[in-house]
Amino acid sequence: MDLSFYKYQGTGNDFVMIDDRNEQFDHKNLELVSQLCDRKFGIGSDGLILIRNKEGFDFEMVYFNADGSQSMCGNGARCAVAFSKFLGIIDEHTKFLAIDGPHEASIRNGLVELGMGDVHSISNADQDYFVNTGSPHHVRFVDDVEQYPVVKEGASIRYSEAYQPSGTNVNFVSTLAEDEIYVRTYERGVEDETLSCGTGVTACALVYGYQNKLNHVKIKALGGNLSVKFAATSDGSFKDILLIGPAEQVFKGTIKI
């Protein structure tokens, strides 16, 4: 069988995108998902996304990490919005369903503003922080993130006893300016550093913004620039969270499965 696919990237986070509104893709075949994401023997990507019909929504995003596991993915969701616009499913605004619930988003000139789910709290993890932004994220501030051993330290925290059995994503952060941070992320499911992580930069922006009384934080990632806007409430929770950044189509093709 020939499978048609598109490739999208959002600040260097890349995804295999499949129009699966006819539900012909076997979403339970996790071996196939991993094979398609393999950079040597498949198409190559950080994850795979199916776009499906869903009653009450414009579409459903079914997201898989490269190892076949599932979670919310902010950059993947931004790419799903761009892909759905390309397919003619949406125009400039959308309401869609992801694994962590409903999301709203808008897209103009390739820039996607993605509404993230509310975050109930930030908790301490020893000297660091933990935030769940639809996916679990450990956040550590370091002096020079550019020189930091992200993969070594990220894997150590990801597989630590504190996060067993499911593990966590791990983010390392340095301050660039009063309203800007530099974030590097070790992603669970990819098991390596990625060029960007949407839920990760959101987690880091919430922590940094809370510490510095900001409601708009700019983020530099290896794959490009993002920003996060949000409203902090008196009970320590966060709402009206927007992840803002580009998403673009890289290529399309077919592969035999």
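Structure data summary
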{"quantity": "Principal-axis tilt of helix 198-212 within the chain, Cα atoms, nearest 10 degrees", "calculated": "20 degrees"}
{"quantity": "Environment charge of ARG108, counting only residues whose C-beta is closer than 12 Å and scoring Lys/Arg +1, Asp/Glu -1", "calculated": "-2"}
{"quantity": "Carbon/sulfur fraction of accessible area - segment 22-65, other protein chains in place, 1.4 Å, %", "calculated": "41 percent"}
{"quantity": "Estimated inter-spin distance, PHE57 and ILE257, nm [label 7 Å along Cα→Cβ]", "calculated": "1.9 nm"}
{"quantity": "Under 9 Å, Cβ to Cβ, from HIS138 - net charge with Lys/Arg +1 and Asp/Glu -1", "calculated": "+1"}
{"quantity": "Relative contact order for the chain, counting Cα pairs under 8 Å that sit 6 or more residues apart, in percent", "calculated": "22 percent"}
{"quantity": "Of all DSSP beta bridges in segment 1-104, antiparallel share, percent nearest 5", "calculated": "70 percent"}
{"quantity": "Extension gain, VAL250 back to ASP143 (0.36 nm per residue minus Cα-Cα distance, nm)", "calculated": "35.1 nm"}
{"quantity": "Accessible area (Å², per residue) of segment 80-232, counting only protein heavy atoms and a probe of 1.4 Å", "calculated": "46 Å²"}
{"quantity": "Nearby lysines by direct alpha-carbon distance to LYS54 (threshold 21 angstrom, same-chain neighbours under 8 apart not counted)", "calculated": "LYS28, LYS85, LYS95"}
{"quantity": "Net charge of Cβ neighbours under 15 Å - reference TYR210; Lys, Arg +1; Asp, Glu -1", "calculated": "-3"}
{"quantity": "DSSP-defined beta bridges in segment 134-185 - what % are antiparallel, rounded to 5", "calculated": "55 percent"}
{"quantity": "Correct option for mean projected area of the Cα convex hull in nm² [calculated from the coordinates] among [x] 13.5; [y] 18.3; [z] 15.9", "calculated": "[x]"}
{"quantity": "Dipole magnitude of the chain, debye to nearest 20 (Cβ charges: Lys/Arg +1, Asp/Glu -1, about Cα centre)", "calculated": "340 debye"}
{"quantity": "Stretchable slack from HIS216 to ALA231, in nm (0.36 nm times residue separation minus alpha-carbon distance)", "calculated": "4.5 nm"}
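The values are calculated or read from the model by the stated rules, or taken from the named source; none is laboratory data. The structure displayed is predicted, hence computed values, not measured ones. Counting neighbours? That spans all protein chains shown, and the Cβs are built from the backbone with ideal geometry, glycine included. Note: areas computed on protein heavy atoms with side chains; ligands, DNA, RNA excluded. Shrake-Rupley method; radii C 1.70, N 1.55, O 1.52, S 1.80 Å.
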